[in-house]
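Quick notes on the structure that follows.
The values are calculated or read from the model by the stated rules, or taken from the named source; none is laboratory data. Note that the structure is predicted; figures quoted are calculated from it, not measured. Counting neighbours? That spans all protein chains shown, and the Cβs are built from the backbone with ideal geometry, glycine included.
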Amino acid sequence: MTSNRMCVLALTAASAMACFAPPAVAAKFDGSWSMVAVTTRGHCGTIPMGLGIKGGRIYATGGSFAFYAIRLGGRVSATGNARINAVAGPRTANGTGRFRHTEASGMWKGRGPSGLCSGTWSANRS
């Protein structure tokens, strides 16, 4: 009975570690990136920002829009496919794209007090 509990405990611990470990392959995109979002529809303009990746997770390293700090979230898969969420005050945007070794690009759509915006984004390793 005790050995069964130990086995279950060991399997549970191993499963938890596997579930919470960041994907090792996605780490190839880790680091600092310089990103620019360009508006192709709407009135959002060109928005430069800093983007960081750690363990496949995306976060902001700098930038502002309409006097609000930009917050980024999202993930990059092991193959480079990305989903990005951005917030700057009352403005929100969602994007998709693809990261490669030294560059990345994609599309985004957003909403704010002045209406809808959309466009493209690109990034280079800093």
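List of remarks:
- Being surrounded by 17 or more Cβ atoms within 10 Å (Cβ to Cβ), among the small types (Gly, Ala, Ser) and either at pLDDT below 95 or over 15 Å from the mean Cα position of the chain (by Cα) (or both) is a condition met by no residue of the stretch 1-24.
- Of residues in the stretch 68-96 being among the small types (Gly, Ala, Ser) and under 17 Å from Arg41 (Cβ atoms), the one surrounded by the fewest Cβ atoms within 10 Å (Cβ to Cβ): Gly95
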